[in-house]
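This report refers to the structure that appears directly beneath it.
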Amino acid sequence: MNFGIIGFGRIARKFVQAIEATDEGKIYAIGSRSVFMDDPYLKEHSEVKVYKDYEELLNDPQVDAVYIALTHKFHKEWILRSLEHHVPVLSEKPLVLTATDVDEIQEKVKKTNTLCTEALKTKFNTGYDHLKEDLKRIGNIQTIYANFCSDSLGLPKTSFLFDKEQGGALNDIGSYVLGFILGIHEEEIDKIETERKDIEGINYYFRSKIYFKDGCIATAEGAIDREMDRYAKIVGTKGEIMIPNYNRIIDYTIHWNDGTTETKSYPFKGNDMTMQIQDFIDDVKNGKVQSEKHCLVDTKKILEISEMISA
Ligand SMILES: NC(=O)c1ccc[n+]([C@@H]2O[C@H](COP(=O)([O-])OP(=O)(O)OC[C@H]3O[C@@H](n4cnc5c(N)ncnc54)[C@H](OP(=O)(O)O)[C@@H]3O)[C@@H](O)[C@H]2O)c1
């Protein structure tokens, strides 16, 4: 399957490695306004076409699907344009910046009968499926904690993380923490309480308590101004599960109330992005217009909760 990449920045460099371990995905073209022809990747891959204009890439009939790796605020425009060309889209997270934007995308998906999936890699790795099965073994879920905190203060102030239109922690990593919590606990939410640190319209830190109607309390913590070990912890009535780097699960440990432990390990094929690309390829081949693992309704729910946290 011939992929075109729109935006050849940091994460796109990881995508080109990830796709090598898929069954039939290959990089056919790169659309980039800033890439130079002496770029090491292009020098090594002279077969890859380069377009300075994203629209020209979309007009190329050899492009079977696109991966959008632009910074957040440009996703919506290029998702919509790709769908108008009937080109299936895998777009980086956050898919778009508001829940209403998801409605617009959803409408276009229906009108064009073309797939659009948010690249929330967490939900595509095998470890996540096993974790969901193991959750059924630890009794009633009482608390969930998940964090994603990194110190990005050293980045230039021109970074998209400090752009008022798209910057901040909630926009950048909200989809990981909230997507994980909402994915493993699909219950109705009663209320949300939030502590946050915002400076000049940019969210540097948030810690939100999500109270579910079934009594479970989840805590989501995210930051761009401090480092923390990344993990999730789920406490049930019979035991608890510790998941390091829950956004790309390789292993986790179940601590049973009787003092015994069980460690599970699910190494990746390729890298942590490979399985989401494989799943997307399978969906395109099977003519699907929604991902079963992470559909647009899931994306919208994350953004709705994000908006409640922002409010
Ligand atoms: N899944 C993951 O693990 C993961 C990890 C990191 C980031 N991401 C997501 O991936 C997306 C891209 O992140 P990144 O770190 O790769 O971003 P980046 O390297 O800063 O930028 C990606 C591309 O966006 C375009 N761009 C950047 N700034 C622009 C500007 N001011 N005006 C016009 N175009 C601009 C450029 O496209 P051209 O090539 O055309 O110049 C650039 O190559 C983000 O939405 C982020 O949330 C995902």
Taking the stretch 71-130 and keeping only residues that are within 16 Å of the ligand (Cβ to nearest atom), of a type outside the set (A, V, I, L, M) and under 21 Å from ASN245 (Cα atoms), one is left with GLU92, LYS93, PRO94, GLU118, LYS121, THR122, LYS123, PHE124, ASN125, GLY127, TYR128
Matching residues in the stretch 103-149 (among the aliphatic types (A, V, I, L, M) and farther than 24 Å from ILE277 by Cα) number 5
Got at least one residue in the stretch 194-210 being surrounded by fewer than 17 Cβ atoms within 10 Å (Cβ to Cβ), farther than 25 Å from VAL96 by Cα and more than 16 Å from the ligand (Cβ to nearest atom)? no
Can you tell which of LEU170, LEU182 is within 16 Å of the ligand (Cβ to nearest atom), in contact with a helix residue (DSSP H, G or I) (Cβ under 6 Å, 6 or more places away or on another chain) and touching a residue at least 60 places away in the same chain (Cβ under 8 Å)? LEU170
In the list ILE202, ILE217, ILE224, which residue meets the criterion of being in contact with an Asp or Glu (Cβ under 9 Å, 6 or more places away or on another chain), β-branched (Val, Ile, Thr) and in contact (Cβ under 8 Å) with a residue 60 or more places away in the chain? ILE224
Inter-residue pairs, beta-carbon under 7 Å, first farther than 26 Å from ILE281 by Cα and at pLDDT 95 or above and in the stretch 24-52, second more than 13 Å from the ligand (Cβ to nearest atom) and outside any loop (DSSP other than H, G, I, E, B), 6+ apart: none
I'm trying to understand the selection: among the residues of the stretch 1-56, which are within 12 Å of the ligand (Cβ to nearest atom) and either assigned to a loop (DSSP other than H, G, I, E, B) or farther than 27 Å from LYS73 by Cβ (or both)? GLY7, PHE8, GLY9, SER32, ARG33, SER34, VAL35, PHE36, ASP39, LYS52, ASP53
Which of the residues belonging to the stretch 154-199 are of a type in the set (A, V, I, L, M) and part of a helix (DSSP H, G or I)? LEU161, ALA169, LEU170, ILE173, VAL177, LEU178, ILE181, LEU182, ILE184
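The values are calculated or read from the model by the stated rules, or taken from the named source; none is laboratory data. Just so it is clear, the structure is predicted and the values come from calculations on it, not from any experiment. Using ideal geometry, Cβ is built from the backbone for each residue, glycine included, and neighbour counts are taken over all protein chains shown.
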